[in-house]
Ligand code: MSP
């Protein structure tokens with residue numbers, strides 16, 4: 001992704017990661033959601049002058065993927081080559097601005113895995129033993145007897161609902177139990193390390209309850225990274241997968257610019273189901289290997305579909321391609337981040353997305369832009385009008401517009417997307433109220449100078465809105481900025497903080513066209 005500023009050694013960096021996706025699944029709304037949240041933050045930080053690295057990719061090793069390849073009748077490597085592309089396609093289709101796409105079958109990653117293993121081994125954190133216990137292939141996770149529930153036919157299930165199987169095999173172990181107190185201390189000293197707070201509490205009570213050493217190698221199948229010095233074992237897929245976050249910065253080359261610049265990451269974005277791996281195992285591995293910890297792990301909630309849990313057996317997965325085809329890309333991006341307080345679970349429904357599209361995008365934002373731009377086209381010969389003396393109402397609206405960036409920035413710093421959007425919309429509503437109150441269409445005859453000022457104030461407000469809404473709804477925002485003739489190099493946030501980039505009087509504007517159509521069709525997805 002192109003950077004918008006000259007970057008120098010002083011430029012602050014922002015490294016953000018998505019989980020890497022299991023290739024055996026068909027991309028669905030859950031995958032799109034996690035990456036979307038990262039995309040918005042990455043775009044925001046770029047516009048805000050940061051040197052950003054946004055990493056996503058695919059998790060390609062392990063028993064689950066091996067089984068899927070067998071079922072497809074092809075070799076695991078050929079299988080993953082094929083299906084990994086589905087996730088790259090999704091990222092491109094959703095206009096995600098990732099800088100690097102990592103596959104765990106790449107050489108750079110295998111080198112990083114071997115290196116972290118060797119660091120752990122050299123630190124005395126690994127010993128050889130044997131694992132006897134339960135394993136869920138679907139979660140690629142080990143479970144203790146106490147966590148399981150009995151099924152009707154004597155089978156047993158993990159808390160996630162995944163079926164477990166009994167495993168007995170030689171295994172290397174990581175001394176996780178020795179890290180319990182240091183982890184708790186770290187959580188206490190870094191209260192924002194795990195967010196949201198409720199999830200942090202869950203993790204802390206899990207760790208408080210005691211940690212057992214973790215099995216970190218398998219011998220009963222082959223599809224994985226070989227354990228250095230013992231080819232009988234392959235590395236546990238979660239140790240392999242988590243390592244991707246440092247592979248992405250060039251590890252084990254810790255002296256290279258890429259690593260020193262980007263590690264530790266500012267944010268690992270994950271779903272609530274995989275928080276334990278990220279907030280317990282990963283920091284323990286890193287501490288044990290003598291590496292720095294990421295600054296934050298944020299666990300978001302899960303989507304249901306019209307009130308029902310999304311599951312393969314129900315066949316009710318929401319296909320992001322269908323959604324975008326039906327409602328439009330910006331519309332889907334907006335809905336997913338506006339509908340649900342980030343961190344909570346959310347329910348997708350056609351009714352809800354249509355309400356948001358027609359109410360907030362078409363009526364509120366779309367009408368504001370359309371009304372103002374058409375009046376400028378009609379009454380000001382399509383040129384940015386001059387701004388005369390400002391009234392209190394003008395100043396109030398402009399002050400609110402000027403304050404918006406800082407508010408949105410603060411909300412995004414705590415990953416509160418819905419509040420950031422609410423702040424943007426409260427300015428949109430204020431601007432619509434101002435249009436009604438000032439009634440510029442009535443001023444044309446008696447007070448044309450005042451009409452010009454009102455339209456200028458509104459156009460300037462829309463400039464703020466369009467610049468700040470770029471990370472959320474990039475296509476519509478860029479169309480609006482085109483309609484205001486804002487040049488490409490004046491679309492970053494610095495241009496909201498310096499006076500000389502305000503709209504210039506007399507600038508010709510292209511013919512306005514609507515950017516947020518109403519959703520009118522009866523036929524809806526699924
Ligand atoms: N491969 C692991 C991650 C390894 S990261 C070092 C994995 N992959 S996954 O493909 O199963 O899931 C990836 C993400 O999708 C998770 O963050 C998960 O929470 C998210 N979602 C899967 N279904 C979801 C919903 N229904 N709703 C929201 N997100 C969900 O786990």
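The values are calculated or read from the model by the stated rules, or taken from the named source; none is laboratory data. Computed from a predicted structure; not experimentally measured. With ideal geometry, Cβ positions are generated from the backbone for all residues, glycine too; neighbour counts draw on all protein chains shown.
In the range 67-98, what count of residues is obtained for those that are touching a helix residue (DSSP H, G or I) at 6+ places or on another chain (Cβ under 6 Å) and loosely packed, with under 15 Cβ neighbours inside 10 Å?
Here the count works out to 1.
If you scan the range 301-349, which residues turn out to be closer than 17 Å to residue 27 by Cβ and outside any helix (DSSP H, G or I)?
302, 303, 305, 310, 311, 312, 315, 316, 317, 318, 319, 348
Out of the residues in the range 244-263 meeting the condition of being more than 16 Å from the ligand (Cβ to nearest atom) and part of a loop (DSSP other than H, G, I, E, B), tell me which one is farthest from residue 100 (Cα to Cα). Give the derivation first.
Taking the range 244-263 first, the residues more than 16 Å from the ligand (Cβ to nearest atom) are 250, 252-262.
So of that shortlist, the ones also part of a loop (DSSP other than H, G, I, E, B) come out as 250, 252-256.
Working: 250: 12, 252: 17, 253: 17, 254: 18, 255: 20, 256: 17 Å.
For the range 244-263, the residue satisfying everything is 255.
Please specify each residue of the range 206-224 satisfying the condition of being touching a residue at least 24 places away in the same chain (Cβ under 8 Å), closer than 20 Å to residue 282 by Cβ and surrounded by fewer than 24 Cβ atoms within 10 Å (Cβ to Cβ).
Going residue by residue through the range 206-224, those that are touching a residue at least 24 places away in the same chain (Cβ under 8 Å) are 206-208, 210-224.
Still in the list and also closer than 20 Å to residue 282 by Cβ: 206-208, 210-218, 224.
Matches in the range 206-224: 206, 207, 208, 210, 211, 212, 213, 214, 215.
From the list 306, 326, pick out the single residue that is surrounded by fewer than 20 Cβ atoms within 10 Å (Cβ to Cβ) and modelled with pLDDT under 95. Give the steps one after another, and end with the answer.
Numbers: 326 fails: modelled with pLDDT under 95.
None of the other options fit; the residue is 306.
Pick out the one residue from 352, 377 that is within 16 Å of the ligand (Cβ to nearest atom) and not in a loop (DSSP other than H, G, I, E, B).
Working: 377 fails: within 16 Å of the ligand (Cβ to nearest atom).
None of the other options fit; the residue is 352.
What number of residues in the range 352-379 are farther than 23 Å from residue 333 by Cα and buried (at least 20 other Cβ atoms within 10 Å of the Cβ)? Steps first, please.
Kept after step one, since they are farther than 23 Å from residue 333 by Cα, are these residues of the range 352-379: 371-379.
From what's left, buried (at least 20 other Cβ atoms within 10 Å of the Cβ): 372-373, 375-376.
Counting residues in the range 352-379 that are farther than 23 Å from residue 333 by Cα and buried (at least 20 other Cβ atoms within 10 Å of the Cβ) gives 4.
If residue 284 satisfies all but one of (1) within 13 Å of the ligand (Cβ to nearest atom); (2) outside any loop (DSSP other than H, G, I, E, B), what's the number of the condition it fails?
(1)
May I ask you to verify whether residue 275 is more than 19 Å from residue 466 (Cβ to Cβ), modelled with pLDDT of 95 or more, assigned to a loop (DSSP other than H, G, I, E, B) and within 16 Å of the ligand (Cβ to nearest atom)? Before you say what the answer is, go through the steps one by one.
Numbers: more than 19 Å from residue 466 (Cβ to Cβ): yes; modelled with pLDDT of 95 or more: yes; assigned to a loop (DSSP other than H, G, I, E, B): no; within 16 Å of the ligand (Cβ to nearest atom): yes.
It is false that residue 275 is more than 19 Å from residue 466 (Cβ to Cβ), modelled with pLDDT of 95 or more, assigned to a loop (DSSP other than H, G, I, E, B) and within 16 Å of the ligand (Cβ to nearest atom).
Name the strands (runs of 3 or more DSSP E) wholly inside the range 117-214 in which the number of residues that are over 30 Å from residue 342 (Cβ atoms) is 2 or more. Break it down into steps so the answer makes sense when it comes.
Numbers: elements: 126-136, 141-143, 165-174.
Result: 126-136, 165-174.
Taking the residues in the range 225-243 that are touching a helix residue (DSSP H, G or I) at 6+ places or on another chain (Cβ under 6 Å) and either at positive phi or in a helix (DSSP H, G or I) (or both) as candidates, determine which candidate is nearest to the ligand (Cβ to nearest atom).
242
Mind telling me which of the residues 49, 62, 8, 30 ends up being more than 24 Å from residue 323 (Cβ to Cβ) and either without any contact (Cβ under 8 Å) to a residue 24 or more places away in the chain or under 14 Å from the mean Cα position of the chain (by Cα) (or both)? Reasoning before the result, please.
Values: 49 fails: either without any contact (Cβ under 8 Å) to a residue 24 or more places away in the chain or under 14 Å from the mean Cα position of the chain (by Cα) (or both); 62 fails: either without any contact (Cβ under 8 Å) to a residue 24 or more places away in the chain or under 14 Å from the mean Cα position of the chain (by Cα) (or both); 30 fails: more than 24 Å from residue 323 (Cβ to Cβ).
Testing whether each residue is more than 24 Å from residue 323 (Cβ to Cβ) and either without any contact (Cβ under 8 Å) to a residue 24 or more places away in the chain or under 14 Å from the mean Cα position of the chain (by Cα) (or both) leaves just 8.
Which members of the range 13-34 meet the condition of being surrounded by fewer than 24 Cβ atoms within 10 Å (Cβ to Cβ), more than 8 Å from the ligand (Cβ to nearest atom) and modelled with pLDDT of 95 or more?
Across the range 13-34, the qualifying residues are 13, 14.
In the range 35-57, what count of residues is obtained for those that are part of a strand (DSSP E or B) and surrounded by 23 or more Cβ atoms within 10 Å (Cβ to Cβ)? Show your work before the answer.
First, the residues of the range 35-57 that are part of a strand (DSSP E or B): 51-57.
Checking which are surrounded by 23 or more Cβ atoms within 10 Å (Cβ to Cβ) leaves us with 52-57.
Total satisfying the criteria: 6.
Quick one: is residue 299 modelled with pLDDT of 95 or more, touching a helix residue (DSSP H, G or I) at 6+ places or on another chain (Cβ under 9 Å) and more than 11 Å from the ligand (Cβ to nearest atom)? Write out each step before concluding.
Numbers: modelled with pLDDT of 95 or more: yes; touching a helix residue (DSSP H, G or I) at 6+ places or on another chain (Cβ under 9 Å): yes; more than 11 Å from the ligand (Cβ to nearest atom): no.
Here the answer is no, as residue 299 does not meet what is asked.
All but one of (1) closer than 22 Å to residue 95 by Cβ; (2) outside any loop (DSSP other than H, G, I, E, B); (3) at pLDDT below 95 hold for residue 525, so report the exception by its number.
Answer for residue 525: the failing condition is (2).
Just one of the numbered conditions (1) closer than 20 Å to residue 250 by Cα; (2) modelled with pLDDT of 95 or more; (3) more than 16 Å from the ligand (Cβ to nearest atom) is not true of residue 43; which one?
(1)
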